[in-house]
Amino acid sequence: PTYYRIKPTTAGTRVITADKPTAQIEVYDENGNLLVESGNEPSVSFNANTSLYYICVLGDFQITLTITKT
């Protein structure tokens, strides 16, 4: 797995999308609690505030993530 750390500057819903259909994404809060996992889809969405979040990505050697605010 590869881990990323993000800290949004504003609150709102975040959508994380991977460019590979085999990608699995998990999002954890700053305390290590699992918030959401992608299952069979290469994307997740979650309600974010300005805390720290950890993103875990599995499923391929090279995966590009896109993070958007909706």
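The values are calculated or read from the model by the stated rules, or taken from the named source; none is laboratory data. Please read all numbers here as calculations on a predicted model, not as lab measurements. Note: ideal-geometry Cβ built from the backbone for every residue, glycine included; neighbour counts use all protein chains shown. Just so you know, the surface numbers come from the protein's heavy atoms only, side chains and all, with ligands and any DNA or RNA stripped out. Shrake-Rupley method; radii C 1.70, N 1.55, O 1.52, S 1.80 Å.
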Residues of the range 31-68 that turn out to be of a type in the set (Ser, Thr, Tyr), part of a loop (DSSP other than H, G, I, E, B) and touching a Ser or Thr at 6+ places or on another chain (Cβ under 7 Å), as a count: 1
Of all residues making up the range 1-30, the number that are under 15 Å from THR70 (Cα atoms), in a strand (DSSP E or B) and of a type in the set (Ser, Thr, Tyr): 2
Any hit, the range 21-31, residues being of a type in the set (Val, Ile, Thr), surrounded by fewer than 12 Cβ atoms within 10 Å (Cβ to Cβ) and in contact (Cβ under 8 Å) with a residue 40 or more places away in the chain: no
Flag for ASN47 being modelled with pLDDT of 95 or more and either open to solvent by 50 Å² or more (accessible area, probe 1.4 Å) or within 11 Å of the chain's Cα centre (by Cα) (or both): yes
